[in-house]
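Okay, structure first, notes after.
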Amino acid sequence: MEQSISVQNITKNYGSFRAVDQLTFDVYRGEIFAMLGPNGAGKSTTIRMILDILRPDSGKILVLGQHIDDEVKNRIGYLPEERGLYRDVKVIDMMTYLGTLKGMSRQAAHKRSMALLEQLELAENANSKVKELSKGMQQKVQFAVTILHDPELIIVDEPFSGLDPVNTQLIKAMLLNLKDQGVSVVMSTHQMYQVEEMADRLLMINRGKQALYGAVDEVRRKYALHAIVVEGQGEWQTLPGVDYIKKENNSRNGQILYLKPDATPDAVLAAIAQSPNHHITRFEMAIPSLNDIFIQVAGERFEDVEAEYAQKEKTNV
């Protein structure tokens, strides 16, 4: 598969603090690649090195097959976590101007801007000043600017921050459509469920180091529990091979049946089929969430790591 980004053993220090520690990964064309980790884990620093905003202390980065330069930068769309738009300018004028900075003609930039505003349900706000828009509207305009010049590679840092559920779904649909067109999308986030819904592959970073790397489905299967999820009727504890039971999170009727070491899901299913007292409407392997997997791999919770970094920032202010 053709690489959009190749990162080899990059390290970045801020004084005595190592923000990124020997990271290696690839991003392929036409995929959504999630860079996942607690706030402060090194995601934004890694992105800034990919974009040549920061230089790594060691290691090598190739973007779209070469070392990044101005020509390559014009083939990238970047949505930073720290949003920034010209607040006293009309939306359509600002977008048209920014399009010309990416090499578009003024006419093409204006036409493309209006098409995106229409798609984002903002066409009637084209002649409004940015400062007159709500935070969510400004976020959508920022996303439109990111993809205005039809980039080959899009890097979005916490892309759904500040969006309500309806607009979150709208941006998700647009990102998935861009992926289907062969665009590479790198999505930095600390929201696990967004990765599970959208990403093809992931890099999980903790304290600047790689914690997990690979296809999302493969990672989840690798850490599958020796357990099954069932819904239906019956005394599940009486089934042979069942060790103990927990209620499934976010489900009204789901039960997780943890199995004894020598038991198999097939054997439990056979026992259910033979029992007149058990009836199932759902039976599947218990696959943990990425949050649960992070706890297994890192030995700590996202929330605890983020709280630690937040405290350090307060101390250093």
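The sole residue among Met95, Met49 that is in the same structural domain as Glu197 (by TED's automatic domain parsing) and closer than 22 Å to Ala211 by Cβ is Met49. Would you point out the residue of the stretch 37-76, among those that are small (Gly, Ala, Ser) and either under 19 Å from Asp26 (Cβ atoms) or modelled with pLDDT of 95 or more (or both), that is nearest to the chain's Cα centre (by Cα)? It comes out as Gly37.
Looking at this structure, is Val268 of a type in the set (A, V, I, L, M), at pLDDT below 90, assigned to a helix (DSSP H, G or I) and surrounded by 13 or more Cβ atoms within 10 Å (Cβ to Cβ)? Considered against the rule, which asks whether it is of a type in the set (A, V, I, L, M), at pLDDT below 90, assigned to a helix (DSSP H, G or I) and surrounded by 13 or more Cβ atoms within 10 Å (Cβ to Cβ), Val268 comes out as no.
Can you name the residue in the stretch 57-93 that is among the polar types (S, T, N, Q) and free of Cβ contacts under 8 Å to residues at least 60 places away in the same chain and is also farthest from Val145 (Cα to Cα) among such residues?
To start, the set of residues in the stretch 57-93 that are among the polar types (S, T, N, Q) comprises 58, 66, 74.
Filter once more, so that each one left must be free of Cβ contacts under 8 Å to residues at least 60 places away in the same chain: 58, 66.
Numbers: Ser58: 32, Gln66: 24 Å.
Once the filter is applied, the top-ranked residue is Ser58.
For Gln107, the conditions (1) at pLDDT 95 or above; (2) within 19 Å of Gln194 (Cβ to Cβ); (3) of a type outside the set (A, V, I, L, M) all hold with the exception of (2).
Can you tell me which of (1) under 25 Å from Tyr78 (Cβ atoms); (2) in contact (Cβ under 8 Å) with a residue 12 or more places away in the chain is the one Thr168 doesn't meet? Of everything listed in (1) under 25 Å from Tyr78 (Cβ atoms); (2) in contact (Cβ under 8 Å) with a residue 12 or more places away in the chain, Thr168 misses just condition (2). In the stretch 183-233, counting only strands (runs of 3 or more DSSP E) that sit wholly within it, the ones holding 2 or more residues that are within 16 Å of the chain's Cα centre (by Cα), modelled with pLDDT under 95 and small (Gly, Ala, Ser) span 209-215. Criterion applied to Gly84, Gly30 was being surrounded by fewer than 15 Cβ atoms within 10 Å (Cβ to Cβ) and part of a loop (DSSP other than H, G, I, E, B), and the one residue passing it is Gly84.
Do we find a residue being of a type in the set (Asp, Glu) and over 25 Å from Pro38 (Cα atoms) anywhere in the stretch 237-259? Yes: one or more hits.
The values are calculated or read from the model by the stated rules, or taken from the named source; none is laboratory data. The structure presented is a predicted model; accordingly, all values stated were derived computationally and were not measured. Neighbour counts are summed over all protein chains in view; Cβ atoms, including those assigned to glycine, are modelled from backbone coordinates with ideal geometry.
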